[in-house]
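For reference, the structure is listed below as structure tokens.
The values are calculated or read from the model by the stated rules, or taken from the named source; none is laboratory data. Just so you know, these numbers come straight off a predicted model, no measurement behind them. When we count neighbours, we look across all protein chains shown, and the Cβ atoms used for this are built from the backbone with ideal geometry, even at glycine. These accessible areas exclude ligands, DNA and RNA; they are computed on the full protein's heavy atoms, side chains included. Shrake-Rupley method; radii C 1.70, N 1.55, O 1.52, S 1.80 Å.
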Amino acid sequence: RRILVPTRGMEHDERAVELACRLGQEQKSEIVVTYVLEIPLTLSLSTPLPEEEEKAAAALDRSLEIVKLHNLEGMSQLVRDREAARGILRAAQDLDVDLVVVGLNPARSHYADPLGRTTETLLRRASFEVIVDKHPALSAA
């Protein structure tokens with residue numbers, strides 16, 4: 001089994017990595033952490049973005065540390081795409097994942113659209129299982 005977790009380096013993303021590790025522990029699943037670097041239409045997909053790439057590398061490294069703490073196999077990848085959801089869907093299909101675990105951003109809970117565009121697109125278009133992780137302490141907000 002292979003589990004993909006998209007990350008942007010936020011606390012809720014790291015919690016999603018933790019959940020993916022717990023879910024994959026018994027089956028010794030491989031955990032794939034993916035950072036989608038959203039490239040504006042005004043730039044080529046291959047345009048170097050050193051600051052963003054550095055931020056992505058740090059987020060991926062932190063996520064892989066969580067995977068290692070659980071003694072699971074992990075891999076990281078940086079995906080460049082115009083939209084986060086499309087990049088996640090493509091990565092999941094290319095890697096033939098069984099499950100995607102997405103952390104829910106607690107800051108979005110106050111909006112009319114608490115899931116956000118990326119998570120909603122994943123839920124609508126995914127051909128694999130998607131789990132959305134919302135921290136219990138956030139439900140009282």
note = By residue number, the members of the range 28-51 that are outside any helix (DSSP H, G or I), open to solvent by 50 Å² or more (accessible area, probe 1.4 Å), of a type outside the set (S, T, N, Q) and over 20 Å from Leu122 (Cβ atoms) are Lys28, Pro40, Leu41, Leu43, Leu45, Pro48
task = Tell me which residues, restricted to the range 71-82, are over 13 Å from the mean Cα position of the chain (by Cα) and open to solvent by 40 Å² or more (accessible area, probe 1.4 Å).
result = Asn71, Glu73, Arg80, Arg82
message = Taking the condition of being more than 21 Å from Arg15 (Cα to Cα), among the charged types (D, E, K, R) and in contact with a strand residue (DSSP E or B) (Cβ under 9 Å, 6 or more places away or on another chain), how many residues in the range 41-62 meet it?
response = 2
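Here's the yes/no breakdown for (1) assigned to a helix (DSSP H, G or I); (2) over 16 Å from the mean Cα position of the chain (by Cα); (3) free of Cβ contacts under 8 Å to residues at least 24 places away in the same chain:
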| position | (1), (2), (3) |
| --- | --- |
| Ile3 | no, no, no |
| Arg8 | no, no, no |
| Arg15 | yes, no, no |
| Glu26 | no, yes, yes |
| Glu54 | yes, yes, yes |
| Arg62 | yes, no, no |
| Lys68 | yes, yes, yes |
| Ala92 | yes, no, no |
